[in-house]
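Undergrad: I'd like to ask you about the structure that follows.
Where a number appears in this text, it was derived from the coordinates with a stated rule and is not lab data. Every value quoted in this text rests on a predicted model; they were computed, and no experiment measured them. Cβ: placed from backbone, ideal geometry, glycine included. Neighbour counts: every protein chain shown.
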Amino acid sequence: MRNFVFFGKQKLAYAYQNGVQLGWLINPDEQKTYIYRPNQSPETIEGFDQKLSGDGVLNGFEFDLGVLK
């Protein structure tokens, strides 16, 4: 699973160079979600018992991580 996270982070870095404002890297095996925003350290959420929000980028959008359990 380390390759999954490594390549996901590489793709997100490329996306940010092209203007992406929010990225979620979801690791279903470890039930961890990494939230990336430009010029900020990534936030890590453990467990799938909450919802992800679009944080002003996708107003009103939510993703329930519980569907991945």
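Undergrad: Picking from GLN17, GLN31, GLN50, which is most flexible by a Gaussian network model of the chain using Cα springs under 10 Å?
TA: GLN17
Undergrad: Calculated from DSSP H runs of 4 or more alone, at -39500 (n - 2.57) each and per residue, what is the 222 nm mean residue ellipticity of the chain, nearest 500?
TA: Mean residue ellipticity, 222 nm, calculated: -7500 deg cm²/dmol.
Undergrad: Okay, moving on. In the range 2-69, which GluC sites (Glu not before Pro) are in a loop and have at most 16 other Cβ atoms within 10 Å, using DSSP for the loop call?
TA: Listed in order of number, the matching sites are GLU30.
Undergrad: Quick one: grab the alpha carbon gyration tensor of the range 2-68, order the square roots of its eigenvalues as a ≥ b ≥ c, and give me rounded if a/c is under 1.5, else prolate or oblate depending on whether a/b is larger than b/c.
TA: In terms of gyration-tensor shape, oblate.
Undergrad: Before anything else, pin down the relative contact order of the chain: Cα pairs under 8 Å, at least 6 apart, normalised by residue count, whole percent.
TA: 21 percent
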